[in-house]
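Trainee: Could you have a look at this structure, given as structure tokens, before my questions?
The values are calculated or read from the model by the stated rules, or taken from the named source; none is laboratory data. Keep in mind it's a predicted model, so treat the numbers as computed, not measured. We place every Cβ from the backbone using ideal geometry, glycine too, and count neighbours over all the protein chains shown.
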Amino acid sequence: MEEVTARGGVKNETCFQHAEFLAIQDALKDNNLYGELKGATMYVSCEPCPMCMGAILYEEFDRLVYGAKLEDSDKYYCPEVLISCEDIAKNIKNRKIEIVNMMRKEAVEVLKKAGENS
Ligand SMILES: [Zn+2]
């Protein structure tokens with residue numbers, strides 16, 4: 001059974017307030033899940049940036065599911081470093097992560113609305 005252990009949303013006050021960082025921090029600190037994210041799945045509406053992908057790999061998530069691609073975010077929401085999460089995952093040794101891209105079209109619509117409101 002899967003259960004939601006933490007949630008995060010983008011806050012643009014500092015570079016460390018990306019949704020993935022906030023969700024990981026919430027899981028580790030607030031829910032006391034240190035060492036327990038190994039094997040978990042991270043669901044995000046947009047492909048993680050390289051910084052967040054590094055954190056996801058560091059915490060040893062088994063699976064990443066995302067919607068919009070970084071190029072979509074770059075086009076509709078905010079400037080991105082366009083290095084795909086798949087490319088980052090290929091370049092780390094001794095860590096395996098399943099990466100699934102789904103519902104891209106729906107996620108792009110969410111990004112467009114967020115871009116219009118920011
Ligand atoms: Zn990020």
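Trainee: Can you go through I88, I56, I97 and tell me which one is touching a strand residue (DSSP E or B) at 6+ places or on another chain (Cβ under 7 Å) and within 13 Å of the ligand (Cβ to nearest atom)?
Mentor: I56
Trainee: Here is a follow-up. Report, by residue number, each residue of the range 51-91 that is free of Cβ contacts under 8 Å to residues at least 40 places away in the same chain, within 21 Å of V110 (Cβ to Cβ) and part of a loop (DSSP other than H, G, I, E, B).
Mentor: K69, P79, E80, V81, L82, S84
Trainee: Working only within the range 12-50, note down all residues that are in a loop (DSSP other than H, G, I, E, B) and within 16 Å of the ligand (Cβ to nearest atom). Break it down into steps so the answer makes sense when it comes.
Mentor: Of the residues in the range 12-50, the ones in a loop (DSSP other than H, G, I, E, B) are 12-18, 31-40, 47-49.
Answer for the range 12-50, where residues must be in a loop (DSSP other than H, G, I, E, B) and within 16 Å of the ligand (Cβ to nearest atom): N12, E13, T14, C15, F16, Q17, H18, E47, P48, C49.
Trainee: List pairs: first residue in the range 6-30 and among the charged types (D, E, K, R), second residue at pLDDT below 90 and within 11 Å of the ligand (Cβ to nearest atom) anywhere in the structure, Cβ distance under 6 angstrom, at least six positions apart or on different chains.
Mentor: K11/Q17
Trainee: In the range 59-81, what residues are within 13 Å of the ligand (Cβ to nearest atom) and more than 12 Å from V100 (Cα to Cα)?
Mentor: L70, S73, D74, Y77, C78, P79, E80, V81
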